[in-house]
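Any read-out appearing in this document is the output of simple, stated calculations on the displayed coordinates, not a laboratory observation. Please read all numbers here as calculations on a predicted model, not as lab measurements.
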Amino acid sequence: MSHKLLVATYQDDLRQFEMFCHCLNKNWHGDQVLTVALGKNTDVGRTQQVLRSYLPNWTVDIKPTVHPYINGYTEQQVNKIFHSIDHAVDEVIVFDSKDFLLRSTSIDDFKINDQYRVTFYVPGQRLCELYPDIAHIVDADTSALPSVINLTPWIWRVDQLEKYWCHINCRFGPYQSWTDFPAGTEIYGFYVYTWTDDRSTMSWCNADQTPLMLGGGWTHQTHQGMLEEAKAFDLWSERKIWKHSRKLPDPRCLDVTRSVLLKYGIEKEIVDRVFCYEEPGKP
């Protein structure tokens, strides 16, 4: 089966996007086909410049935003789904621009013997406990569905995704009318729909086959948490993607990310440029 990658980005994340592209080119081993879904008002020229610099041998397709939502999170979620529905491929692996691949990664990390990995099963918890507002997504009972995290990267099949997209547009009205994403989040809604779909085209790996493949800092991460994440990243080779949100409140978190990137072979010149590093004492 054929696959492509998709990354969603927008103007404020273009620096992160530059690092994403560099790490992707360095550590992705598979089909070099990428769709870049842009948020509204994102500088297309700068995006193209980054792609020419870091992904010169890739087949890249830049897509504009589907709809200029006021809520940027809603916009990004819709863009990920809409631009993944591409009948030229069978499967799409979805990233955010803050996802930095630091170890060798391929389709085999997302698919084992025709079964697909979820983001990560949360042990001992049901999805309705983590995210109570899921029962409205489908008519079926959702109370026993396993709990998972909603962080990228993830994989979905195009045929199953298209059914999900049609379902939520029929159930919640056309996407142009949405203020917030109506099905929880794009991936939670997809899991709920797919796990309760008797005709689903996807079967899933079990928890033992899907160790956590990411580390780093996302929403509300602390500096101490980042230090612990860095230790775990070294310890567990299954962790291949380091995340760094530009919204982390403690500036020391960036020092941890810089250290991790350098340790895993990302050139200092690129790290300094992307994160605008200035040596102490220099103007």
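Structure data summary
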{"read-out": "Selected from G45, G184, G225 as most flexible by GNM, with the chain as the system and alpha-carbon contacts under 10 Å", "value": "G45"}
{"read-out": "Cα-Cα over 25 Å, subset of K40/K111; K240/K263; K40/K263", "value": "K40/K111; K40/K263"}
{"read-out": "Region 165-225 - Rg over Rh from alpha carbon coordinates, Kirkwood radius", "value": "1.10"}
{"read-out": "Length added when fully stretched, D159-I62, from 0.36 nm per residue minus Cα-Cα", "value": "32.7 nm"}
{"read-out": "Estimated [θ] at 222 nm from DSSP helical runs (n ≥ 4, -39500 (n - 2.57)) normalised by residues in the chain, nearest 500", "value": "-10500 deg cm²/dmol"}
{"read-out": "Cα gyration tensor shape for region 3-210, rounded if a/c is under 1.5, else prolate or oblate", "value": "oblate"}
